[in-house]
Amino acid sequence: MNTPKVPLEKQIKIGLNGNEAVAYAVKQSLVDVVAAYPITPQTIIVEKYSEFVANGEVHTEFIPVESEHSALSAVVGAAAAGARAFTATASQGLALMWEILYIAATLRLPIVLAVVNRALSAPINIHCDHSDAMGMRDAGWVQIFVENSQEAYDTTIQAFKIAEDPRVLLPVAVNLDGFVLSHTLEDIYMLPDEAVREFLGGPRKVAKTYVDYLGKEVELKLDPENPLTFGPLDLYDYYFEHKMHQVEAMDRVKEVVRKVNEEWYELSGRRYGDGVLDVYGVEDADIIVTVLGSTTGTVRYVARKLRNKGHKVGVVRIRLFRPFPFEELRDVLKGAKVVGVMDRAISFGSYGPSYLEISTALYGLKEQPLLVNYIYGLGGRDVPPELIEKIFLELIDIAKKGEVVEKPRFLGIRE
């Protein structure tokens, strides 16, 4: 039994929605620069943070900008100059950041971005699905999906430590479901400011690099005294090698995420699986459902109900989506008869993004589980327990028949 350094009774219990929880986490993280542009359902994050700035509660350079493209551009410049930097967005705003997402990752800038997941237009929709996040999955960012607002608070703080770790130096996107979490009140346990700052090691410490022609180590930042070049013209003679630097950094992310998850557990008493996957009932499960985000709570509730009736079912929440946990999922899923993969996004002309990744993870196994893809919840469509139970019962039936006839399946569509 863990005895946290800050026991629950010494933590601050406060009612917050998910957006406010993120804003408070950023407030405690000694952030130097926040660039802000409003978009539903993210606006509350930067709006709340602007109140902290106006009230003198933080010493942050708050930059209102004219677009999301400019918001990410501003924090790219700030992070390159050595600042701890943050911004937030959703949906079309994230799409407008598209060009700069790749630049931030390639420049190895430890930016933290809160993505309040919302469907992409058209038609215009302000509610939750994961299509915005899936659009950035190949941009070189670390992507973490949270289940509830407590985890949104905890993970935002963790994200700064993950991003700034010298083994990583990559931007991190913290994904929370729009409206389901962003606008829903929840009791949040917050750590004292001092505990968070000690956890992060104080203000950002800029990594150092060895520069041969100077013959000394210098900080990896824009500095007139020690000039470095960020993002120069890079043709076929070196571009490929620089991409490999990103590949190698991504390879180190899971180790750091696990370590930070355990350090947070020692501090607060809260952990999220092993930081990469969060599993329930998988040890003896014949039927397993994989899921991202807030829907996990409903899936776990239904699984618990079915296990009480004697069904061997389990749940795997994929917390870390990039880098994708191929080996970890293979180990967890290989003993199942059937795996249902829930995707709150669609790749038109193909299957759901998680399904494609899990198919790759399981490819080559001598005895591979049957896979069924469920596309659900697009545009905020509700997913009540009855629909989740339908998934499990279908998967149980598929296990008996030994074949999958229809895939992907679209859950909750009106006939």
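The values are calculated or read from the model by the stated rules, or taken from the named source; none is laboratory data. Computed from a predicted model, the values in this text were never measured in an experiment. Please note: Cβ atoms are built from the backbone with ideal geometry, for glycine as well, and neighbour counts cover all protein chains shown.
Does residue 289 fit the bill of being in contact (Cβ under 8 Å) with a residue 40 or more places away in the chain, β-branched (Val, Ile, Thr) and outside any loop (DSSP other than H, G, I, E, B)?
Yes; evaluated as a whole, the condition is true for this residue.
Can you tell me which condition residue 243 does not meet? The list is (1) under 27 Å from the mean Cα position of the chain (by Cα); (2) within 28 Å of residue 31 (Cβ to Cβ), and all the others hold.
(2)
Based on what the data block shows, is residue 345 more than 22 Å from residue 260 (Cα to Cα) and either touching a His at 6+ places or on another chain (Cβ under 9 Å) or of a type in the set (S, T, N, Q) (or both)?
yes
Kindly indicate whether residue 274 is at pLDDT below 95 and part of a loop (DSSP other than H, G, I, E, B).
Spelling it out, it is not the case that residue 274 is at pLDDT below 95 and part of a loop (DSSP other than H, G, I, E, B).
Yes/no matrix, rows are residues, columns are (1) touching a residue at least 12 places away in the same chain (Cβ under 8 Å); (2) farther than 19 Å from residue 106 by Cβ; (3) assigned by TED's automatic domain parsing to the domain that holds residue 84:
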site: 193; (1), (2), (3): yes, yes, yes
site: 198; (1), (2), (3): no, yes, yes
site: 215; (1), (2), (3): no, yes, no
site: 225; (1), (2), (3): no, yes, no
site: 232; (1), (2), (3): no, no, no
site: 237; (1), (2), (3): no, no, no
site: 241; (1), (2), (3): no, no, no
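To keep it simple, each residue is scored yes or no on (1) farther than 26 Å from residue 185 by Cβ; (2) surrounded by fewer than 24 Cβ atoms within 10 Å (Cβ to Cβ); (3) small (Gly, Ala, Ser).
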{"position": "289", "(1), (2), (3)": "yes, no, no"}
{"position": "299", "(1), (2), (3)": "no, no, no"}
{"position": "302", "(1), (2), (3)": "no, yes, no"}
{"position": "323", "(1), (2), (3)": "yes, yes, no"}
{"position": "330", "(1), (2), (3)": "yes, yes, no"}
{"position": "349", "(1), (2), (3)": "yes, yes, yes"}
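Out of all the residues in segment 92-107, which are in contact with a Gly (Cβ under 8 Å, 6 or more places away or on another chain), over 16 Å from residue 243 (Cα atoms) and crowded, with 18+ Cβ neighbours inside 10 Å?
Scanning segment 92-107 gives 94, 95.
Among the residues of segment 73-92, write down those that are assigned to a helix (DSSP H, G or I) and either under 17 Å from the mean Cα position of the chain (by Cα) or of a type in the set (S, T, N, Q) (or both).
Matches in segment 73-92: 73, 91, 92.
Among the numbered criteria (1) without any contact (Cβ under 8 Å) to a residue 24 or more places away in the chain; (2) at negative phi; (3) of a type outside the set (Ser, Thr, Tyr), which single criterion is violated by residue 408?
The failed condition is (1).
Which members of segment 92-114 meet the condition of being in contact (Cβ under 8 Å) with a residue 60 or more places away in the chain and touching an Asp or Glu at 6+ places or on another chain (Cβ under 7 Å)?
110
State which residue pairs qualify: first residue assigned by TED's automatic domain parsing to the domain that holds residue 22 and at pLDDT 95 or above and inside segment 115-142, second residue of a type in the set (S, T, N, Q) and part of a loop (DSSP other than H, G, I, E, B) in any location, beta carbons under 7 Å apart, and separation of 6 or more residues or different chains.
From residues that are assigned by TED's automatic domain parsing to the domain that holds residue 22 and at pLDDT 95 or above, the pairs are 116/42; 116/182; 119/125; 126/40.
For segment 188-202, enumerate the residues that are out of contact with any Gly (no Cβ under 9 Å at 6 or more places or on another chain) and either of a type in the set (A, V, I, L, M) or exposed (fewer than 13 other Cβ atoms within 10 Å of the Cβ) (or both).
190, 191, 194, 195, 196, 200, 201, 202
Keeping to segment 32-66, report how many residues are among the aliphatic types (A, V, I, L, M) and free of Cβ contacts under 8 Å to residues at least 40 places away in the same chain.
5
Among (1) assigned to a loop (DSSP other than H, G, I, E, B); (2) surrounded by 20 or more Cβ atoms within 10 Å (Cβ to Cβ); (3) aromatic (Phe, Trp, Tyr), where does residue 355 come up short?
The number of the failed condition is (1).
For segment 44-51, check the following and say yes or no: at least one residue is out of contact with any helix residue (DSSP H, G or I) (no Cβ under 9 Å at 6 or more places or on another chain) and either assigned to a helix (DSSP H, G or I) or under 20 Å from residue 30 (Cα atoms) (or both).
Yes, because at least one residue in segment 44-51 is out of contact with any helix residue (DSSP H, G or I) (no Cβ under 9 Å at 6 or more places or on another chain) and either assigned to a helix (DSSP H, G or I) or under 20 Å from residue 30 (Cα atoms) (or both).
Quick check on my filter: what residues within segment 1-39 are more than 24 Å from residue 76 (Cβ to Cβ) and either touching a helix residue (DSSP H, G or I) at 6+ places or on another chain (Cβ under 7 Å) or surrounded by 16 or more Cβ atoms within 10 Å (Cβ to Cβ) (or both)?
Of the residues in segment 1-39, the ones more than 24 Å from residue 76 (Cβ to Cβ) are 1-18, 20-21, 24.
Correct list: 2, 4, 5, 6, 11, 16, 17, 18, 20, 21, 24.
From the list 119, 139, 79, exactly one residue is at negative phi, crowded, with 18+ Cβ neighbours inside 10 Å, touching a strand residue (DSSP E or B) at 6+ places or on another chain (Cβ under 7 Å) and not charged (D, E, K, R). Which is it?
79
Would you pick out the residues in segment 304-328 that are assigned to a loop (DSSP other than H, G, I, E, B) and either touching a residue at least 60 places away in the same chain (Cβ under 8 Å) or outside the structural domain of residue 282 (by TED's automatic domain parsing) (or both)?
Residues satisfying the conditions are 311, 319, 323, 325.
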